[in-house]
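Visitor: Have a look at this one before I ask anything.
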Amino acid sequence: MITKIKGTQDILPEEARFWQEIESKIRLVSKIYNFQELRTPIFEATELFHRGVGDTSDIVKKETYDFQDRGDRMITLRPEGTAPIIRSVIENKLYATPKLPLKVYYQGPMFRYERPQKGRQRQFHQFGAEAIGSDSPLVDAEMIAYAATFIASLGIANVKVKLNSLGDLSTKEAYKDKLRDYLEDHVSSLCPDCNRRYKENPLRVLDCKVDKDNPVLIDAPKPLDHLSEAAKAHFDQVCKYLEAMQIDYSIDPTLVRGLDYYTHTVFELDSDIETLGAQSTLGGGGRYNGLSSQLEGPELPAVGFAFGMERLLLALQGSGYKLEEEHIHAFMIALGDECKAESLAIVDLLRHGGLIIDYDYDVRSLKAQFKHAERFNPWFYLIFGEAEMKANTINVKDAATGEQETVEIDKLYNVLVKKIQARYHSCSGNCENCEEDC
Ligand code: HAM
């Protein structure tokens, strides 16, 4: 048997319903915040991620899926969505609009060669959003509000917003040197990974999980204490706007994030809900003012975030999110071969009218068809035998009450729509809502 590749998942129909629910919330909340969808390819030139995400990040160093295609191009399956979005904005000159910041969102599969565990796969999916072309702190705050509203729309419990600032590019570099100097004297007490990291990417030492209680890290200089005046003012404004929007947050001075492009604000949304296991970060993001120019585009200050869809799903299920019970509007039960053939036109007509209809593909007894029909949870049964065919009628049976009515075929669609509306409104078919819908 050929099985799926380690770190990938099949999304089976029952689970796909949860995905569709999350996707509908993505579209709804993105529309409310006035973001438009931008879809980029799943693979890109390898160089995009080396230059964009950064050569010193773990993602590019150890986790990308790289291959040479038949035309000898070096290709990478995208490990994240931000660098591809900026590539697309530059290539398609989307920045040439008076409507900056450009507000786009995306969703789709990403690929990282990580050690798979609950909430961590090699093929996973992200919903992300980017606001490109403004350095206003209000945009940072609005992105955090958008992310928090999205999470609230899913009813995920115990979510915390963590916030920090890395400062502008030059203060970030100066801070890194300071941190490197400090760590140099204490390197022997750091974990083996941090021994490697502190030279190339000292920021990542700050959020090391192994060393989190190590006094060396507790006493290490923090980015917030080394911000330039302008960077500090930017951060203070972000906090002020968040308070104005009544978004709860806490400042986490060790939050640095795993990608090299961040400047100024960085943030994460975590939940301690049990179903998430060790991977408690639902999503994160921040400002990345230098990425566009690093990719040879114009100066485009930008800020964004991304959520891991698999983690949202775990959190959703852990929060007891209930999907509506699945049902179909009606199940056609046709008796005998001739009626079956004749019933297909009726089914077709109802389906074209937007009703959810199914029927038995086998010619079976009335009892066997009813038994099969029950599996689909129909609101109504449509019973069509020889007598009905001759009289040009059909019997409509309410699955809940057992009441049955004989209806002329010409009137079936209207009668059924009325009955279905009544079911949606839980009324007897004559309420105000029914009248309005008509
Ligand atoms: P990231 O923190 O690398 O940021 O990923 C964002 C989210 O994707 C994580 O918080 C997590 O929920 C999910 N995720 C990451 N790796 C995996 C994995 N192996 N399995 C399952 N879920 C995973 C970014 O990707 C940035 N591009 C976010 C951003 C947008 N920053 C600015 N704009």
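Visitor: Restricting to segment 288-299, name every residue that is in contact with an Asp or Glu (Cβ under 8 Å, 6 or more places away or on another chain) and near the ligand (Cβ under 8 Å from one of its atoms).
Guide: Initial filter on segment 288-299 (in contact with an Asp or Glu (Cβ under 8 Å, 6 or more places away or on another chain)): 289, 292-293.
Those that are in contact with an Asp or Glu (Cβ under 8 Å, 6 or more places away or on another chain) and near the ligand (Cβ under 8 Å from one of its atoms): none in segment 288-299.
Visitor: Go through segment 226-246 residue by residue and tally those that are in a loop (DSSP other than H, G, I, E, B), in contact (Cβ under 8 Å) with a residue 60 or more places away in the chain and either among the polar types (S, T, N, Q) or surrounded by 17 or more Cβ atoms within 10 Å (Cβ to Cβ) (or both).
Guide: 2
Visitor: Still on this structure, I have one more. Does LEU259 meet the test of being of a type outside the set (D, E, K, R), assigned to a loop (DSSP other than H, G, I, E, B) and within 12 Å of the ligand (Cβ to nearest atom)?
Guide: Judged against the criteria, LEU259 is a match.
Visitor: Can you tell me how many residues within segment 83-122 are surrounded by fewer than 20 Cβ atoms within 10 Å (Cβ to Cβ), in a loop (DSSP other than H, G, I, E, B) and away from the ligand (no atom under 11 Å from the Cβ)?
Guide: 9
Visitor: With segment 145-214 as the region, which helices (runs of 4 or more DSSP H) entirely inside it contain at least 3 residues that are touching a residue at least 24 places away in the same chain (Cβ under 8 Å) and charged (D, E, K, R)?
Guide: On the way: elements: 169-184, 192-200, 203-206.
Ranges flagged: 169-184.
Visitor: Within the bounds of segment 128-138, is there any residue that is open to solvent by less than 50 Å² (accessible area, probe 1.4 Å), near the ligand (Cβ under 10 Å from one of its atoms), farther than 21 Å from GLN237 by Cβ and not in a helix (DSSP H, G or I)?
Guide: Yes, segment 128-138 contains a residue that is open to solvent by less than 50 Å² (accessible area, probe 1.4 Å), near the ligand (Cβ under 10 Å from one of its atoms), farther than 21 Å from GLN237 by Cβ and not in a helix (DSSP H, G or I).
Visitor: Related question: Look through segment 389-437, keep the residues that are among the polar types (S, T, N, Q) and at pLDDT below 95, and return whichever of them is nearest to LEU349 (Cα to Cα). Working first, answer last.
Guide: First pass over segment 389-437, keeping only residues among the polar types (S, T, N, Q): 392-393, 395, 401, 404, 406, 414, 421, 426, 428, 430, 433.
Next, from what is left, pick out any that are at pLDDT below 95: 421, 426, 428, 430, 433.
Values: GLN421: 18, SER426: 25, SER428: 25, ASN430: 25, ASN433: 25 Å.
Residue satisfying both the conditions and the ranking: GLN421.
Visitor: Test of understanding: among ASP10, ASP72, which residue is loosely packed, with under 12 Cβ neighbours inside 10 Å, within 16 Å of the ligand (Cβ to nearest atom) and at pLDDT 95 or above? Break it down stepwise before answering.
Guide: On the way: ASP72 fails: within 16 Å of the ligand (Cβ to nearest atom).
Only one candidate qualifies: ASP10.
Visitor: For segment 186-196, which positions are within 23 Å of THR281 (Cα to Cα) and surrounded by fewer than 17 Cβ atoms within 10 Å (Cβ to Cβ)?
Guide: CYS191, ASP193
Visitor: How many of the residues in segment 262-284 are modelled with pLDDT under 95, within 11 Å of the ligand (Cβ to nearest atom) and assigned to a loop (DSSP other than H, G, I, E, B)?
Guide: So the answer is 2.
Visitor: Starting from segment 302-323, take each residue that is at pLDDT 95 or above and list its partners that are near the ligand (Cβ under 7 Å from one of its atoms) and in a helix (DSSP H, G or I), counting only C-beta distances under 8 angstrom and pairs at least six apart or across chains.
Guide: GLY304/THR82; ALA306/THR82
Visitor: Further question: Go through segment 379-428 and give me each residue that's over 46 Å from the mean Cα position of the chain (by Cα) and at negative phi.
Guide: GLY385, GLU386, ALA387, GLU388, MET389, LYS390, ALA391, THR393, THR406, GLU408
Visitor: List the residue pairs whose Cβ atoms are under 7 Å apart, where the first residue sits in segment 97-121 and is among the acidic types (Asp, Glu), the second is open to solvent by less than 30 Å² (accessible area, probe 1.4 Å), and the two are 6 or more positions apart or on different chains.
Guide: If the second residue must be open to solvent by less than 30 Å² (accessible area, probe 1.4 Å), the pairs left are GLU114/GLU63; GLU114/ARG122.
Matching residues to (1) out of contact with any helix residue (DSSP H, G or I) (no Cβ under 7 Å at 6 or more places or on another chain); (2) buried (at least 16 other Cβ atoms within 10 Å of the Cβ):
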residue: LEU312; (1), (2): no, yes
residue: GLN317; (1), (2): no, no
residue: GLY320; (1), (2): yes, no
residue: GLU325; (1), (2): yes, no
residue: MET332; (1), (2): no, yes
residue: ASP337; (1), (2): yes, no
residue: SER343; (1), (2): yes, yes
residue: ASP348; (1), (2): yes, no
residue: VAL363; (1), (2): no, no
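Visitor: On to the next question. Run LYS199 past the list (1) at pLDDT below 90; (2) crowded, with 17+ Cβ neighbours inside 10 Å; (3) within 23 Å of THR263 (Cβ to Cβ) and report the number of the one that doesn't hold.
Guide: (2)
Visitor: For the structure I just gave you, tell me whether LEU77 is of a type in the set (A, V, I, L, M), within 16 Å of the ligand (Cβ to nearest atom) and open to solvent by 20 Å² or more (accessible area, probe 1.4 Å).
Guide: On the way: of a type in the set (A, V, I, L, M): yes; within 16 Å of the ligand (Cβ to nearest atom): yes; open to solvent by 20 Å² or more (accessible area, probe 1.4 Å): yes.
Spelling it out, LEU77 is indeed of a type in the set (A, V, I, L, M), within 16 Å of the ligand (Cβ to nearest atom) and open to solvent by 20 Å² or more (accessible area, probe 1.4 Å).
Visitor: Look through segment 44-68, keep the residues that are crowded, with 17+ Cβ neighbours inside 10 Å and without any contact (Cβ under 8 Å) to a residue 24 or more places away in the chain, and return whichever of them is farthest from the ligand (Cβ to nearest atom).
Guide: Here the residue is HIS50.
Visitor: A further question on this structure: Regarding ALA157, is this residue open to solvent by 30 Å² or more (accessible area, probe 1.4 Å) and either at pLDDT 90 or above or among the aliphatic types (A, V, I, L, M) (or both)? Give the steps one after another, and end with the answer.
Guide: On the way: open to solvent by 30 Å² or more (accessible area, probe 1.4 Å): yes; either at pLDDT 90 or above or among the aliphatic types (A, V, I, L, M) (or both): yes.
It is true that ALA157 is open to solvent by 30 Å² or more (accessible area, probe 1.4 Å) and either at pLDDT 90 or above or among the aliphatic types (A, V, I, L, M) (or both).
The values are calculated or read from the model by the stated rules, or taken from the named source; none is laboratory data. Small disclaimer: the values here were computed from a predicted structure and weren't measured. All Cβ positions, glycine included, derive from the backbone under ideal geometry; neighbour counts span all protein chains shown. These accessible areas exclude ligands, DNA and RNA; they are computed on the full protein's heavy atoms, side chains included. Shrake-Rupley method; radii C 1.70, N 1.55, O 1.52, S 1.80 Å.
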